[in-house]
Structures are given as structure tokens and as C-alpha cells.
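Please read the structure below before turning to the comments.
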């Protein structure tokens, strides 16, 4: 009886001792910079990355920058790990003045084929939202030979929402869902649903 109590007490104390050791180990972890974006205006590789990154099955990372790129309206990029070093690849430069989006916001999601989906805060129809555009939902389609092509899936006009924020989410049928900060029937923002063409079997 007394031996059993003593053993329980020893185990409890041992468990308490382990917790500080784990915390010390976690605090000792160091940060590693994978890639540094240019800080100047008009940087071709993009600037001001934001939103969460996502991995593909090969361990490559994908994300967006709010600014920079060829037109200064943000980018979609890939980071590839090659022999322990991360290399940047530009997948798309946004150009909000040609019906494209501008300032992608909130990260990306991907489908089973590796295509990427996200939202741009501005751009699309520049006749709406005080001539800055109300934003778009876009797809970055993976092609052959490492090529990528952008496709605008939906352009907001304020009546159906304005200034969408991400990330988007899929349902089981391949529909995309997200939210817009403003617009809609009462001008206060609304949930949005954008059906992805060719949801299966791309």
C-alpha cells in the first residue's frame, strides 16, 4: 500500500520535470530565412508577402505577395528546395488594369491536380468600387513543362460583394467559398460562392 503511493508520487514529479525541458528545447529552436523578397518598389519577384503558405506533395511552397511583380500589383510565387537551398519562381504577375486582379490577399488553396486558387483584393472591373476594382477570384493552372496560366473565375461588381479576403475553401463538389469585406445587398460584405469550372477530371 505504501509502496504504491510512493511510486505514484515519483511518477508525478518526473512528469513535472519533463515539461520545462520540452519548453527549453522549443525556445532553443532558431529561425531560418528561406527567401528574402526585394524591398524596393516594382521588385520583379514581388514584395510584401502575406497570407499562409501551402505545400505540394513534392515539398514546394506556394504563396502570394501584395505588391511587386512586373506590373506592381502583386504576384503568385513558388519556392522550390533544391539541394537544401530554396529557389524562387514567379508564377504570375497581376495586372489589375487589364481585367486581372490586383493585390492578392489571404493565401492560396490547391486542388488535387495542383492548381492554385485565391482572391485579389482589388482589380477586375475598374468601373466599380471607385475605380480601383472590387476584386476577383482567380485560378493559377498548372501546365506542362513547368508553365502556369492565370484564369479569372469571378469578378466582383459590389452588388455581389467587394474586396474579397481569403483563404478560400473547397467543398466536396469542387465549389469554392470565401468572404468579401464590403458590398452585397446592404454594403456590409457577404459570403460568396464561386463555382470552379471543370471541378473534376482536369
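The values are calculated or read from the model by the stated rules, or taken from the named source; none is laboratory data. Since this is a predicted model, take the numbers as computed values, not measurements. Backbone-built Cβ (ideal geometry, glycine too); neighbour counts: all protein chains shown.
Data overview
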item: Failed condition for residue 124, given (1) at positive phi; (2) within 16 Å of the chain's Cα centre (by Cα); result: (2)
item: Per-region count, the stretch 169-188, residues without any contact (Cβ under 8 Å) to a residue 40 or more places away in the chain, closer than 18 Å to residue 107 by Cα and surrounded by 12 or more Cβ atoms within 10 Å (Cβ to Cβ); result: 4
item: Selection from the stretch 142-159 of residues that are surrounded by 15 or more Cβ atoms within 10 Å (Cβ to Cβ) and touching a strand residue (DSSP E or B) at 6+ places or on another chain (Cβ under 7 Å); result: 142, 148, 150, 152, 153, 154, 155, 156, 158
item: Number of the exception - residue 50 against (1) modelled with pLDDT of 90 or more; (2) touching a strand residue (DSSP E or B) at 6+ places or on another chain (Cβ under 6 Å); result: (1)
item: Lone unmet requirement of (1) surrounded by fewer than 21 Cβ atoms within 10 Å (Cβ to Cβ); (2) modelled with pLDDT under 85 for residue 166; result: (1)
item: Top-ranked residue of the stretch 140-160 - restricted to ones that are more than 15 Å from residue 120 (Cβ to Cβ) and under 22 Å from the mean Cα position of the chain (by Cα), ranked as modelled with the lowest pLDDT; result: 146
item: Complete set of residues in the stretch 49-68 that are under 17 Å from residue 135 (Cβ atoms) and more than 13 Å from the chain's Cα centre (by Cα); result: 67
item: Test: residue in the stretch 131-140 that is in a loop (DSSP other than H, G, I, E, B), out of contact with any strand residue (DSSP E or B) (no Cβ under 9 Å at 6 or more places or on another chain) and surrounded by fewer than 17 Cβ atoms within 10 Å (Cβ to Cβ); result: yes
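Okay, residues lined up against (1) in contact (Cβ under 8 Å) with a residue 60 or more places away in the chain; (2) more than 18 Å from residue 58 (Cα to Cα); (3) in contact with a strand residue (DSSP E or B) (Cβ under 6 Å, 6 or more places away or on another chain):
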residue	(1), (2), (3)
86	no, no, yes
89	no, no, yes
102	no, yes, yes
109	yes, no, yes
126	no, yes, no
